[in-house]
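Below you'll find the structure, written out as structure tokens, and then a few comments.
FYI, it's all coordinate maths here, none of it is from the lab. None of the values given here were measured: they were computed from a predicted structure. Note that each Cβ is placed from the backbone with ideal geometry, even for glycine, and that neighbours are counted across all protein chains shown.
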Amino acid sequence: MRQCDLKTEANRIFVPRYYYKNTAMRLSLDPVVPTSQEWVDAILSDFDSFLIDHCDCERKASGMAMGMIAKYPNRTEIIPELMETAIEELEHYRDVYGLMQERGLQLPLKVEPDPYIKAFHSALRGPSELRFLDRLLQSSIIEMRGCERFRLVSENVADAQIQKFYKQLWTTEAKHGHIFVRMALRYFPEDEVYDRLETLNTIESEIVSSLPIRSALH
Ligand SMILES: [Fe+2]
Ligand SMILES: [Fe+2]
């Protein structure tokens, strides 16, 4: 059984894609296409907008985990981990909102649909076992993109408090990326899980590459 130790340097992201798949480390995949410098420049030039968008993404992540429980109440094996994930995302929501408050920022009165999530959602297969698998794997991929981008924030932002916050955050999101694949492996054969994970991961990078760059998480 693979094990995950996110505290080790060996488990940093941006290793070759297949390295972890065939070793006793984490289960998730890194993004196929890395985030561009243009995205880093965009969020640094308007960090307030990034924070506001990121805050809402944490709320949605918590809601997504709770939504999975509501949608699949018979999947009792993964409900405790989904609850834990929902709580951790809610804590992120609270913490990012705290950073917003320190800067005098408010939550938006109207939240527009996230074009990345909307496009990625259209790649999911129909209502069935396959959709359940796709939702778990999509969640892992979204977590891993967040992980990658939060690491970039932590390495590029000048403010020491923000650096520290995002460094802590990306390790948690990496853990979530791992957990969702582990959930999938409870119910589906490994080959099926990784074939689909690689397909969806490629689709995710195509979506990221096609979207305009803005000061937002996606
Ligand atoms: Fe989060
Ligand atoms: Fe997460």
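The amide H of ARG75, built 1.01 Å from its N in the peptide plane, has no neighbour under 5 Å, considering only residues 5 or more places off or on other chains. Number of Lys-Lys pairs in the chain with C-alpha atoms under 16 Å apart and a separation of 8 or more places or on different chains: 8.
Membrane-span-like helices of the chain, defined as complete DSSP H segments with a Cα extent of 27 Å or more along the helix axis and a mean Kyte hydropathy of at least -1.0, are identified as 47-71, 79-102, 129-156, 160-187, 190-210.
FRET efficiency for the ARG94 to ILE117 pair, using the beta carbon distance and R₀ = 30 Å, is estimated at 0.90. Compare the Cα positions of GLY67, ILE141, ALA184 along the charge dipole of the range 32-210 (+1 at Cβ of Lys, Arg; -1 at Cβ of Asp, Glu; about the Cα centre) and return the one farthest towards the positive end. The residue sitting most towards the positive pole is GLY67. Taking Lys and Arg as +1 and Asp and Glu as -1, the other residues whose beta-carbon sits under 14 Å from that of GLU143 total -1. With N counted as the residues of the chain, its alpha-carbon radius of gyration over 2.2 N^0.38 Å works out to 0.98.
Rounded to the nearest 20, the size of the Cβ-charge dipole of the chain about its Cα centre is 380 debye, with Lys and Arg at +1 and Asp and Glu at -1.
Take peptides 164-177, 195-208, 133-146, 66-79 and line them up by average Cβ neighbours within 10 Å, highest first, as a rough protection proxy.
133-146, 164-177, 195-208, 66-79
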